[in-house]
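Take a look at the structure below.
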Amino acid sequence: MFKLFSIVAVAIASASLVAAGGDLKLCTKINLTGECFILSYLNNECIELNSVLDDHVRSVDPVGDGHKCYLFEDQGCSGDHFDFTKHHNDLGSFNDLASSFYCNNA
């Protein structure tokens, strides 16, 4: 019985690691101001931005540590991208370009 329980526990823990994700804060103004949204994601899941954020993101903040995220210029996580692991108060030349993103726990 103990051996079976251990195998099940390991399988559940492994599945949790694969499906793990996090939250990403995206804002329409620099310095994490303007309209801000916290979007939840699963690892490597492409998220398309809503009409308020699409082509209007100027600052980002992954909630917590250990994230690697990619903002993409086009829907479907394609086109030019901006990658980051920590907050950015100003996306510089990528301001107002993001249409989708994906992240994973680095």
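Here, each number is a calculation from the coordinates, and none is a lab measurement. All values reported here derive from a predicted model rather than from experimental measurement. Note: ideal-geometry Cβ built from the backbone for every residue, glycine included; neighbour counts use all protein chains shown.
Sticking with the crude label model, points 7 Å out along Cα→Cβ, report the distance from residue 48 to residue 105 in nm, one decimal please.
Each label point is offset 7 Å from its Cα along the Cβ direction, giving 2.8 nm.
Label-point separation (nm) for residue 86 and residue 39, each offset 7 Å from Cα along Cα-to-Cβ?
About 2.4 nm, to one decimal.
May I ask you to list the aspartates and glutamates whose Cα is less than 14 Å away from that of residue 86, ignoring any residue fewer than eight positions away on the same chain?
23, 61, 65
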